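Participant: Next up is a structure, given as structure tokens.
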Amino acid sequence: MYQAVYTGKLSGNGEFTKKCQNFFEEKYGFKKCILTTSGTDALEMAAILCDVQPGDDVIVPSYTFVSSALAFVRQGARIIFADSCKYNPNIDADKIEALITPKTKVIVPVHYAGVACDMDKIMDIANRHNLFVVEDAAQAIDSYYKGKALGGIGNFGCFSFHETKNVTAGGEGGLLCVNDERFIRRAEIIWEKGTNRAEFFRGMVNKYGWVDTGSSFLPAEINAAFLWAQLENLEMIQNRRKHIWNMYHDGLKELAEKKSVTIPDVPNYATNNGHMFYLVCRSLEERTDLINCLKQNDVLAVFHYLSLHKSEYYLNNGGMIVDLPNCDKFADRLVRLPMYFDLSDDDVMRVISLINGFYCGK
Ligand SMILES: *Cc1c(COP(=O)(O)O)cnc(C)c1O
């Protein structure tokens, strides 16, 4: 970061931005990577590049962060919410086809907790119906589907470097992967406020100007430098997070065998990237009691998304009333356990024994 300051180049698309982008392209084989100011912005860029317009439908799981839907709503799309799988919060690929209409343009699989959606099924549906796939890989850095890096399978992949994610660009940041070559040129233009500035700096044109829509989607070099420092330590960060995840898994699997709680299910085609460890309780009341019990012992465990198909904004803006029972189940009963790089083994053991104590005799 000091280096970024001393070089005097603080605005975006400088050395550190290029280093980060190259890192992702080389390590994960993503075709073209573009750093953004947030995961939300990466999704917004993808929505613009898919040319989503009023009259288009976009299929999004209801159990996700607002941005997975909002980026497309801003382009005027109607969102068709899909249910989660029974055993994990990801979109149920077997239920997507029934939601497709002549207006459907995009499917947005969200790799919840960094665990892959069933991408072969989703890509097959998209190919047969001529739809775009935008992977919301916000939580899915360094995670794979059948050996392919998440974010690199759909036409576009969107990552977040918000402080709650595995690596951060100093609080806020994101990355758009453009996996479909047809869109690389336009992506750079949209990124640089609708100008062909990137081509100018490569010497491809002798002046740059306003050629398309866009916004200021590029982060400052300070943020890119912060991210670069995290990427240099990626292996250490990932190993630590996976170690914590495995401790939780081993410490709580007996409870899961007794069916007191459900622990995360990582399908054979997916990997675990240590983003999150969660439990699914048997009822909303039990979850509330568990969260309170942990809180009394100074442990912060939190629930996660509320069903977007029941949100105030969606229902007040022409949203359809639909029944998505698996989504509602995760909204009511899922609880996330503490998971961060400096969490000590002792603290993890303490959380495990508090949870086992809570369920003792239940
Ligand atoms: C974090 C997150 C986002 C948004 O990323 P920001 O960088 O905070 O804009 C979008 N989708 C999912 C699934 C996320 O977890």
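The values are calculated or read from the model by the stated rules, or taken from the named source; none is laboratory data. What you see is a predicted model, and the numbers here were worked out from it, not measured in a lab. Here the Cβ is made from the backbone with ideal geometry for all residues, glycine too, and neighbour counts use every protein chain on show. Keep in mind that these areas ignore ligands, DNA and RNA; they rest on the heavy atoms of the full protein, side chains included. Shrake-Rupley method; radii C 1.70, N 1.55, O 1.52, S 1.80 Å.
Participant: Looking only at the range 133-167, which residues are out of contact with any Ser or Thr (no Cβ under 6 Å at 6 or more places or on another chain) and open to solvent by 20 Å² or more (accessible area, probe 1.4 Å)? Before you say what the answer is, go through the steps one by one.
Facilitator: In the first step, residues of the range 133-167 are kept if they are out of contact with any Ser or Thr (no Cβ under 6 Å at 6 or more places or on another chain); the result is 133-135, 137, 139-142, 145-149, 151-160, 162-167.
Within the range 133-167, D142, K146, G147, K148, G152, I153, N155, H162, E163, T164, K165 meet the criteria.
Participant: When only residues in the range 152-175 that are hydrophobic (A, V, I, L, M, F, W, C) and over 12 Å from the mean Cα position of the chain (by Cα) count, which is farthest from the ligand (Cβ to nearest atom)? Give the steps one after another, and end with the answer.
Facilitator: Residues of the range 152-175 that are hydrophobic (A, V, I, L, M, F, W, C), as a first pass: 153, 156, 158-159, 161, 167, 169, 175.
Next cut, over 12 Å from the mean Cα position of the chain (by Cα) only: 153, 156, 167, 169.
On the way: I153: 16, F156: 13, V167: 12, A169: 9 Å.
Checking each candidate, the answer is I153.
Participant: Within the range 177-191, can one find any residue that is surrounded by 16 or more Cβ atoms within 10 Å (Cβ to Cβ), of a type in the set (A, V, I, L, M, F, W, C), within 15 Å of the ligand (Cβ to nearest atom) and modelled with pLDDT of 95 or more?
Facilitator: yes
Participant: Of everything in the range 101-126, what is farther than 23 Å from P54 by Cβ, surrounded by fewer than 21 Cβ atoms within 10 Å (Cβ to Cβ) and in contact (Cβ under 8 Å) with a residue 12 or more places away in the chain? Give them in sequence order.
Facilitator: Listed by number, the residues that qualify are D118, D120, K121, M123, I125.
Participant: Sort out which residues of the range 26-39 are open to solvent by 40 Å² or more (accessible area, probe 1.4 Å) and within 14 Å of the ligand (Cβ to nearest atom), and write them in order of number.
Facilitator: Within the range 26-39, just T37 meets the criteria.
Participant: Report yes if some residue within the range 46-61 is in contact with a helix residue (DSSP H, G or I) (Cβ under 6 Å, 6 or more places away or on another chain), surrounded by fewer than 18 Cβ atoms within 10 Å (Cβ to Cβ) and in contact (Cβ under 8 Å) with a residue 60 or more places away in the chain; otherwise report no. Step through it out loud before you land on a result.
Facilitator: Filtering the range 46-61 down to residues in contact with a helix residue (DSSP H, G or I) (Cβ under 6 Å, 6 or more places away or on another chain) leaves 47-49, 52, 58-60.
Subset that is surrounded by fewer than 18 Cβ atoms within 10 Å (Cβ to Cβ): none.
Checked the range 46-61: no residue is in contact with a helix residue (DSSP H, G or I) (Cβ under 6 Å, 6 or more places away or on another chain), surrounded by fewer than 18 Cβ atoms within 10 Å (Cβ to Cβ) and in contact (Cβ under 8 Å) with a residue 60 or more places away in the chain.
Participant: Would you pick out the residues in the range 331-350 that are buried (at least 19 other Cβ atoms within 10 Å of the Cβ) and either in contact with a Ser or Thr (Cβ under 8 Å, 6 or more places away or on another chain) or not hydrophobic (A, V, I, L, M, F, W, C) (or both)?
Facilitator: Taking the range 331-350 and keeping what is buried (at least 19 other Cβ atoms within 10 Å of the Cβ), we get 331, 333-335, 337, 339, 348.
If the condition is that a residue be buried (at least 19 other Cβ atoms within 10 Å of the Cβ) and either in contact with a Ser or Thr (Cβ under 8 Å, 6 or more places away or on another chain) or not hydrophobic (A, V, I, L, M, F, W, C) (or both), then A331, R333 are the ones that fit.
Participant: Restricting attention to the range 321-330, does a residue exist that is more than 21 Å from G251 (Cα to Cα), open to solvent by 100 Å² or more (accessible area, probe 1.4 Å) and either at pLDDT 95 or above or not charged (D, E, K, R) (or both)? Explain how you work it out, then say what you get.
Facilitator: Of the residues in the range 321-330, the ones more than 21 Å from G251 (Cα to Cα) are 321-330.
So of that shortlist, the ones also open to solvent by 100 Å² or more (accessible area, probe 1.4 Å) come out as 321, 323.
Still in the running and either at pLDDT 95 or above or not charged (D, E, K, R) (or both): 321, 323.
Yes, the range 321-330 has at least one match.
Participant: Residues to consider are A42, A137, A98; find the one that is within 10 Å of the ligand (Cβ to nearest atom), without any contact (Cβ under 8 Å) to a residue 60 or more places away in the chain and either hydrophobic (A, V, I, L, M, F, W, C) or closer than 18 Å to N272 by Cβ (or both).
Facilitator: Values: A42 fails: without any contact (Cβ under 8 Å) to a residue 60 or more places away in the chain; A98 fails: within 10 Å of the ligand (Cβ to nearest atom).
Only one candidate qualifies: A137.
Participant: L10 passes all but one of (1) at pLDDT below 95; (2) within 16 Å of the ligand (Cβ to nearest atom); which number fails?
Facilitator: (2)
Participant: Right, something else. Six or more apart or on different chains, Cβ atoms under 7 Å: show the pairs whose first residue is in the range 158-177 and farther than 10 Å from T37 by Cα and outside any loop (DSSP other than H, G, I, E, B) and whose second is open to solvent by 20 Å² or more (accessible area, probe 1.4 Å) and more than 9 Å from the ligand (Cβ to nearest atom).
Facilitator: Pairs that qualify, where the first residue is farther than 10 Å from T37 by Cα and outside any loop (DSSP other than H, G, I, E, B) and the partner is open to solvent by 20 Å² or more (accessible area, probe 1.4 Å) and more than 9 Å from the ligand (Cβ to nearest atom), are C177/G152.
Participant: Residue check: is F277 closer than 27 Å to K9 by Cβ and either open to solvent by 20 Å² or more (accessible area, probe 1.4 Å) or out of contact with any Gly (no Cβ under 7 Å at 6 or more places or on another chain) (or both)? Break it down into steps so the answer makes sense when it comes.
Facilitator: Numbers: closer than 27 Å to K9 by Cβ: no; either open to solvent by 20 Å² or more (accessible area, probe 1.4 Å) or out of contact with any Gly (no Cβ under 7 Å at 6 or more places or on another chain) (or both): yes.
No.
Participant: So which residues in the range 49-77 are near the ligand (Cβ under 10 Å from one of its atoms) and part of a helix (DSSP H, G or I)?
Facilitator: V66, S67, S68, A69, L70, A71
Participant: Give S307, S283, S353 a once-over and let me know the one that is surrounded by 20 or more Cβ atoms within 10 Å (Cβ to Cβ) and hydroxyl-bearing (S, T, Y). Quick ask: steps written out before the conclusion?
Facilitator: Numbers: S283 fails: surrounded by 20 or more Cβ atoms within 10 Å (Cβ to Cβ); S353 fails: surrounded by 20 or more Cβ atoms within 10 Å (Cβ to Cβ).
Result: S307 is the single residue among S307, S283, S353 that is surrounded by 20 or more Cβ atoms within 10 Å (Cβ to Cβ) and hydroxyl-bearing (S, T, Y).
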